[in-house]
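K.L.:
Here it is: the structure, laid out below.
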Amino acid sequence: MGPELAGVLQLLALIGALALVYVPVGNYMARVYSSDRHWRVEKWIYKGIGANPDAEMRWPAYLRGVLAFSVAGVVFLYLLQRLQGVLPGSLGFSAVNPAQSFNTAVSFVTNTNWQSYYGEQTMGHVVQTAGLAVQN
């Protein structure tokens, strides 16, 4: 099979998969976003950041939410880089050193994206896709 045929078949498979799931997934999303019911985890998050889900969010609650989300992003990305050596798809790269991991995590979470390394020679697939690309 040639690359052109493989590309066309992949595109047709994607279109077919989307055609099969767009109605059930759309109905599910409509139920989730229009429901007044909140899950227990959601209630804990709302309480932790001081937000009322049934009222407009004021700026202090928004600030707490943004800061909490940013701290969680830094911690997750830092740990992802430090654990790179044991992750699948690491391409044989070892863990990134602690200072570089922290610098990269803060840089990508704050959207400055400053890099002092060669990404293709330092980061494996999992760190680049689940960490850096998500923060980008």
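K.L.:
On average, how much accessible surface per residue is there in the chain, in Å², for a 1.4 Å probe, leaving out ligands, DNA and RNA?
P.N.:
Working: 10280 Å² over 136 residues.
Heavy-atom accessible area per residue stands at 76 Å².
K.L.:
A follow-up question, please. Taking Cα extents along the principal axes in Å as the quantity of interest, determine which of (i) 52, 46, 26; (ii) 53, 42, 26; (iii) 42, 31, 27 was computed from the displayed structure.
P.N.:
(i)
K.L.:
Let me ask something else. Return the carbon/sulfur percentage of the accessible area of the chain, one whole number, probe 1.4 Å, all protein chains in place.
P.N.:
The C+S portion of the solvent-accessible surface of the chain is 66 percent.
K.L.:
If you don't mind, another one. With runs of 4+ DSSP H residues as the only contributors, calculate the mean residue ellipticity of the chain at 222 nm using -39,500 (n - 2.57) per run, divided by the residue total and rounded to the nearest 500.
P.N.:
Value at 222 nm, helices only, nearest 500: -20000 deg cm²/dmol.
K.L.:
Still on this structure: Quick one: dipole size for the chain, taken about the Cα centre, charges +1 on Lys/Arg Cβ and -1 on Asp/Glu Cβ, in debye to the nearest 20.
P.N.:
On the way: 8 positive and 6 negative charges, 105 e Å.
Using only the charged Cβ atoms, the result is roughly 500 debye.
K.L.:
Using DSSP to define loop residues, name the GluC sites (Glu not before Pro) in segment 36-121 whose beta-carbon has at most 15 other beta-carbon atoms within 10 Å. Display every interim value, and only then the final one.
P.N.:
Values: sites: GLU42, GLU56, GLU120; in loops: GLU56.
When the GluC sites (Glu not before Pro) of segment 36-121 are filtered for loop state and at most 15 Cβ neighbours within 10 Å, GLU56 remain.
K.L.:
A follow-up question, please. Do any chymotrypsin sites (Phe, Trp or Tyr not before Pro) in segment 29-114 lie in a loop, going by DSSP, with at most 13 other beta-carbon atoms within 10 Å of their beta carbon, and if so which?
P.N.:
On the way: sites: TYR33, TRP39, TRP44, TYR46, TYR62, PHE69, PHE76, TYR78, PHE93, PHE102, PHE108, TRP114; in loops: TRP39, PHE93, TRP114.
Listed in order of number, the matching sites are TRP39, TRP114.
K.L.:
Quick check: residue separation of LYS43 and LEU63 times 0.36 nm, minus the Cα distance between them. What number comes out in nm? Don't skip to the end; give the middle numbers.
P.N.:
Values: separation 20, 0.36 × 20 = 7.20 nm, distance 1.79 nm.
Length gained, LYS43 through LEU63: 5.4 nm.
K.L.:
Specify whether the C-alpha gyration tensor of segment 8-52 places it in the rounded, prolate or oblate class, a ≥ b ≥ c being the square roots of the eigenvalues: rounded for a/c under 1.5, otherwise prolate if a/b is larger than b/c and oblate if not. Could you put the intermediate results ahead of the total?
P.N.:
Numbers: a/c = 5.43, a/b = 2.83, b/c = 1.92.
Prolate, because a/c is 1.5 or more and a/b exceeds b/c.
K.L.:
Now a separate question. Within 15 Å, Cβ to Cβ, of GLY65, how many net charges do the neighbouring residues add up to if Lys/Arg are +1 and Asp/Glu are -1?
P.N.:
Details: positive: LYS43, LYS47, ARG58, ARG64; negative: GLU42, GLU56.
For residues surrounding GLY65, the net value is +2.
K.L.:
Output the DSSP H helices from the chain with an along-axis C-alpha extent of no less than 24 Å and a mean Kyte-Doolittle hydropathy no less than 0.0. Please report the intermediate quantities before stating the final value.
P.N.:
On the way: long enough: 3-34 (44 Å, 1.22); 59-82 (34 Å, 1.15).
Helices passing the filter in the chain: 3-34, 59-82.
K.L.:
Please report, in Å, the Rg and the Dmax of segment 27-81, where both are computed over Cα atoms only.
P.N.:
Taking only Cα atoms of segment 27-81, I get Rg and Dmax of 13.8, 39 Å.
The values are calculated or read from the model by the stated rules, or taken from the named source; none is laboratory data. Fair warning: this is a prediction, and the values are worked out from it, not measured in the lab. All Cβ positions, even for glycine, are placed from backbone atoms using ideal geometry, and neighbour counts span all protein chains on display. Surface accessibility is based on the protein's heavy atoms, side chains included, excluding ligands, DNA and RNA. Shrake-Rupley method; radii C 1.70, N 1.55, O 1.52, S 1.80 Å.
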